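The values are calculated or read from the model by the stated rules, or taken from the named source; none is laboratory data. Remember, it's a predicted structure, so these values are computed and weren't measured experimentally. Please note: Cβ atoms are built from the backbone with ideal geometry, for glycine as well, and neighbour counts cover all protein chains shown.
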Amino acid sequence: MVQGCANVASVGATKRIAVIPGDGIGKEVIPQAVKVMQAAGAAVELTPFDWGADRYLADKVTVPPDGFATLGRDFDAILVGAFGDPRVPPTFTPKKSCWVCAARWTSTPMSGRCG
């Protein structure tokens, strides 16, 4: 078991990965990363989430109220794409919300680039 990541299963077990493409290039890059994992025969179970600007513009919600709890409880890792869209008000920063909240409420490893 990895120290500090109690929900990470043993090395040989199938990993449950939340997939959040986000916005912009993330919607292009993350599907390619998924294809690589699948082609490599990685023991993963992938679950996509539409938590980006398009969802925010549709219903004013990016991450549902229980979203981060779900990530921390149900997944071994989170594959995150890019966040940011000029159509979303500058007071709403999904990238910051995602990183800050995920770091605060989960011990789940995240793959992504802050910046």
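Pairing residues of segment 17-28 that are over 21 Å from A42 (Cα atoms) with residues that are basic (K, R), at Cβ distances under 8 Å and at least 6 apart in sequence or on separate chains, gives G22/K95. Checked against the criterion of being over 16 Å from the mean Cα position of the chain (by Cα), at pLDDT 90 or above and of a type in the set (S, T, Y), the candidates T14, T91 yield just one match: T14. Screening F49, F68, F75 for residues that are under 18 Å from R16 (Cα atoms), touching a residue at least 60 places away in the same chain (Cβ under 8 Å) and crowded, with 16+ Cβ neighbours inside 10 Å leaves exactly one candidate, F75. Filtered by the rule that a residue be within 23 Å of E28 (Cα to Cα) and at pLDDT below 85, segment 53-81 gives V61, T62, V63. Could we say that W99 is modelled with pLDDT of 80 or more, touching a strand residue (DSSP E or B) at 6+ places or on another chain (Cβ under 9 Å) and either on the phi > 0 side of the Ramachandran plot or aromatic (F, W, Y) (or both) here? No; evaluated as a whole, the condition is false for this residue.
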